[in-house]
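To keep things clear, I will list the structure first and then write my remarks on it.
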Amino acid sequence: MAIKKKSEKISASTDAITSSLKETRVFAPPREFAKNAHIKSPAQYQKLWEQSVKKPEVFWGKQAKENLEWIKPFKKVLQWKAPFAKWFTGGKLNASANCIDRHVTAGLGNKAALIWEGEPGDSRTLTYQDLLRETSKCANALKALGVTPGDRVAIYMPLIPETVIAMLACARVGAMHCVVFGGFSSEALADRINDCGASVVITADGGYRKGAVVALKQNVDVAIERCPSVSHVLVVRRTGTLVTMQPARDHWWGEFLGRMSSHCPPYEADSEHPLFLLYTSGSTGKPKGILHTTGGYLLGAALSAKIVFDLKPSDTFWCTADAGWVTGHSYLAYGPLANGATIVMYEGAPNHPDWGRLWSIVEKHRVSILYTAPTAIRACLRAGDSWPAKHDLSSLRLLGSVGEPINPEAWMWYHEVIGGGRCPIVDTWWQTETGSIMISPLPGAIPQVPGSATKPFFGVFPDIVDKNGKPVPAGSGGFLVIRKPWPSMLRTIWGDDERYKQQYWSQVPGVYFTGDGARRDKKGNIWIMGRIDDVLNVSGHRLSTMEVESALVSHKLVAEAAVVGRPDELKGEGIVAFVTLQVGFSASDALRDELKKHVAVQIGALARPDDIRFADALPKTRSGKIMRRLLRDVAAGRNSNQDTSTLEDLSVVAALRADSED
């Protein structure tokens with residue numbers, strides 16, 4: 001049921017980020033959903049949140065005991081010497097055992113742990129007992145290849161069950177996994193291997209994407225020519241593609257694991273023992289190896305998966321993210337599996353062979369929780385309602401959004417067309433660095449506002465400040481910071497403590513700087529306004545690109561929009577919008593003028609685009625994020641030296657450049 005609220009017009013000083021997004025729709029949690037939810041009311045949420053930030057050690061100590069299985073109890077919940085944290089010191093546990101063994105011991109061995117579908121249509125289901133057996137064999141294989149606790153293992157794979165098995169096997173023997181997205185080039189792979197010093201690489205002969213084979217093993221061969229730390233390569237036979245196997249170094253997964261025992265006792269890891277490295281882009285051009293440790297990370301992933309998604313034993317949970325991103329770590333693998341859930345994995349493109357693929361998977365496997373990115377939602381919206389209409393989506397009871405702010409019109413389509421108006425939507429904000437969800441409505445307790453991440457999760461103490469660290473008034477945009485440590489926070493940047501301190505703890509002294517802009521409305525709801533790097537400086541006003549994009553997408557003919565700035569001698573920056581139209585509509589000068597006026601009406605004359613360029617497609621990574629850095633270069637008419645190794649389709653950028661030159 002929608003609840004009306006009074007719209008507001010927000011103004012801000014030139015030091016803050018100007019926000020003018022208007023949203024009047026609010027959706028209360030469905031009564032029956034709230035009745036059966038883990039957190040059932042705003043009062044219950046508020047009470048627990050206040051406990052978690054006022055007495056964090058009491059709160060987190062209790063949660064750690066209730067949600068994780070410890071080999072040895074911890075002695076102290078938190079040691080904090082800013083900016084370095086140690087959580088649950090003295091305790092010992094194993095992430096793999098928490099995700100598999102304890103469920104088998106509890107009698108859930110025959111429950112489906114992982115349902116997988118390949119792009120060509122092949123499928124497999126692994127029970128928890130199957131997952132334990134295969135993970136143990138892989139763990140013994142790693143030991144046979146010389147991997148010891150603390151060593152690094154690079155995983156460069158398609159989205160197949162062996163990817164999750166390899167991650168859990170690393171955790172089982174105390175090694176750090178470093179999953180590298182399969183869309184990265186051999187050069188990007190080599191950079192990450194060399195930075196972490198991986199001794200073993202796990203890959204596949206190839207993977208399927210849009211009907212074609214991605215040459216993963218070939219990329220590995222090129223990469224490790226300049227990676228002296230690599231001694232062995234373990235190769236899964238996925239596509240049957242002919243690959244070169246170097247004797248003594250390269251081993252076929254099936255043959256090598258076939259010689260291994262299916263019993264491998266889990267390594268007793270200290271709570272602060274490193275669990276994984278995951279690389280994220282750095283402003284200097286050098287990727288940052290984000291380090292997460294065992295106890296705190298696993299608790300953050302497990303508790304947030306349980307509470308934010310209201311996860312129940314009967315749920316079938318599909319997170320569409322690749323394992324190469326943190327979303328795949330926390331909500332494809334560790335979070336749901338720690339809760340004993342059934343997860344769904346799909347290998348390929350969401351539109352292969354057509355735009356019905358996502359919905360056919362939901363129908364076939366009776367998915368109850370779907371967690372995907374706004375870009376995917378907008379792409380499906382553009383493809384039309386006819387595709388989901390062909391499939392029975394009645395199994396869905398909860399929807400989630402992740403990766404970037406979701407514009408209200410896409411939120412509404414997701415809610416009405418995919419959720420049938422009955423499914424709460426959890427619009428989640430978090431980062432690779434935070435490890436788990438930080439801001440999100442709890443689906444049984446918090447009213448959902450299209451476009452807003454709403455409230456902080458337990459133990460999360462956010463604030464919105466100006467450049468001097470002073471809190472800004474309600475309604476004003478500012479820099480999003482976190483004031484208190486939380487269990488799943490990154491511990492450092494691999495090999496570079498100083499960079500960790502400078503990047504995250506020095507820009508706004510004494511607090512964690514997220515790099516995002518945000519505002520808090522008069523009801524306390526938090527609105528993420530995008531990366532600070534994406535904020536426009538127009539005539540002395542700092543404007544959120546996300547809000548201009550949302551205004552454009554609210555027009556009935558617009559499917560997707562990306563907004564960037566270009567140098568302007570008079571205003572500092574001009575606003576350039578790249579717009580993709582709904583199927584069946586054509587670009588025209590009249591429509592261009594109409595859209596400019598539409599933005600001015602929705603936000604104000606200050607946000608009126610200087611230029612609108614129509615495009616058949618926008619440049620996106622394989623994970624679905626729009627590469628705005630490339631669009632900034634196109635808008636400015638300059639050549640780009642940006643890394644395009646994760647770009648889904650290089651021809652999109654070429655087409656945009658050609659259009660700009662006409």
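The values are calculated or read from the model by the stated rules, or taken from the named source; none is laboratory data. What you see is a predicted model, and the numbers here were worked out from it, not measured in a lab. Please note: Cβ atoms are built from the backbone with ideal geometry, for glycine as well, and neighbour counts cover all protein chains shown.
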- All positions within region 110-130 that are buried (at least 19 other Cβ atoms within 10 Å of the Cβ) and either without any contact (Cβ under 8 Å) to a residue 12 or more places away in the chain or under 24 Å from the mean Cα position of the chain (by Cα) (or both): A113, L114, I115, W116, E117, G118, E119
- Message: Residue under question is F181, and the condition is that it be touching a Ser or Thr at 6+ places or on another chain (Cβ under 9 Å) and not assigned by TED's automatic domain parsing to the domain that holds R259; does it hold?
- Response: no
- Item | One residue from A383, A379 being of a type in the set (A, V, I, L, M) and within 20 Å of the chain's Cα centre (by Cα) | A379
- Any chance you could count how many residues in region 193-211 are modelled with pLDDT under 95 and either part of a strand (DSSP E or B) or farther than 18 Å from L159 by Cβ (or both)? 1
- Message: Yes or no: region 22-37 includes at least one residue that is charged (D, E, K, R), at pLDDT 80 or above, farther than 29 Å from P473 by Cβ and part of a loop (DSSP other than H, G, I, E, B).
- Response: no
- Filtered residues of region 376-419 (kept if surrounded by fewer than 19 Cβ atoms within 10 Å (Cβ to Cβ), of a type in the set (K, R) and either within 20 Å of A559 (Cα to Cα) or touching a strand residue (DSSP E or B) at 6+ places or on another chain (Cβ under 7 Å) (or both)): R382
- Item | Those strands (runs of 3 or more DSSP E) lying entirely in region 447-527 with at least 3 residues among the hydrophobic types (A, V, I, L, M, F, W, C), closer than 16 Å to E433 by Cα and not assigned by TED's automatic domain parsing to the domain that holds D191 | 477-482
- Item | Verdict on A373 being surrounded by 21 or more Cβ atoms within 10 Å (Cβ to Cβ) and touching a Ser or Thr at 6+ places or on another chain (Cβ under 9 Å) | yes
- Could you tell me whether any residue of region 549-562 is on the phi < 0 side of the Ramachandran plot, touching a residue at least 40 places away in the same chain (Cβ under 8 Å), over 24 Å from the mean Cα position of the chain (by Cα) and not assigned by TED's automatic domain parsing to the domain that holds A636? no
- Could you tell me whether T280 is hydroxyl-bearing (S, T, Y) and buried (at least 21 other Cβ atoms within 10 Å of the Cβ)? no
- Item | Only listed residue being of a type outside the set (S, T, N, Q) and farther than 25 Å from N36 by Cβ, chosen from V417, V481, V426 | V481
- Item | Residue list for region 91-111, filter: assigned to a strand (DSSP E or B) and in contact with a helix residue (DSSP H, G or I) (Cβ under 8 Å, 6 or more places away or on another chain) | L93
- Query: Are any residues in region 72-90 assigned to a loop (DSSP other than H, G, I, E, B), surrounded by 13 or more Cβ atoms within 10 Å (Cβ to Cβ) and touching a helix residue (DSSP H, G or I) at 6+ places or on another chain (Cβ under 8 Å), and if so, which ones?
  - Reply: F74, P83
- In region 77-126, which residues are in contact with a Ser or Thr (Cβ under 7 Å, 6 or more places away or on another chain) and at positive phi? F88
- Item | For F317: the one exception among (1) over 20 Å from H365 (Cα atoms); (2) in contact with a Ser or Thr (Cβ under 8 Å, 6 or more places away or on another chain) | (1)
- Item | Among the residues listed as G254, G240, the single one being at positive phi and surrounded by fewer than 17 Cβ atoms within 10 Å (Cβ to Cβ) | G240
- Task: All but one of (1) more than 23 Å from G384 (Cα to Cα); (2) in a helix (DSSP H, G or I) hold for P567, so report the exception by its number.
- Result: (2)
- Quick one: I446 ticks every box in (1) modelled with pLDDT of 95 or more; (2) within 20 Å of the chain's Cα centre (by Cα); (3) more than 22 Å from P509 (Cα to Cα); (4) not polar (S, T, N, Q) except a single one, so which number is it? (2)
